[in-house]
Ligand SMILES: [Zn+2]
């Protein structure tokens with residue numbers, strides 16, 4: 001097994017699993033992926049799944065399950081719009 005190589009950048013894959021999940025589910029661009037990286041470490045912020053706005057008060061957010069995934073939305077408008085985009089997936 002001389003050709004076996006250790007992964008080169010172990011530090012880079014620390015959250016690969018959770019991030020790739022999000023990419024599959026939500027068609028995220030690389031920019032948004034980078035945005036997600038800042039999430040861990042300072043508590044979990046809730047953002048609107050549609051417009052990415054931070055939801056300051058989770059009590060007024062709309063919580064919905066779409067394609068067996070839980071999402072939070074800042075408004076009914078975002079929820080409807082997101083649902084339209086993700087149906088039949
Ligand atoms: Zn929103």
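Points to keep in mind about this one:
- Residue selected from the stretch 60-84 under the condition in contact with a helix residue (DSSP H, G or I) (Cβ under 7 Å, 6 or more places away or on another chain) and farther than 10 Å from residue 48 by Cα, by the criterion nearest to the ligand (Cβ to nearest atom): 64
- None of 27, 76 is surrounded by fewer than 14 Cβ atoms within 10 Å (Cβ to Cβ) and at pLDDT 95 or above except 76.
The values are calculated or read from the model by the stated rules, or taken from the named source; none is laboratory data. Everything numeric here is computed off the predicted structure, so don't read it as measured data. So basically every Cβ, Gly included, is an ideal-geometry build from the backbone, and we count neighbours across all protein chains shown.
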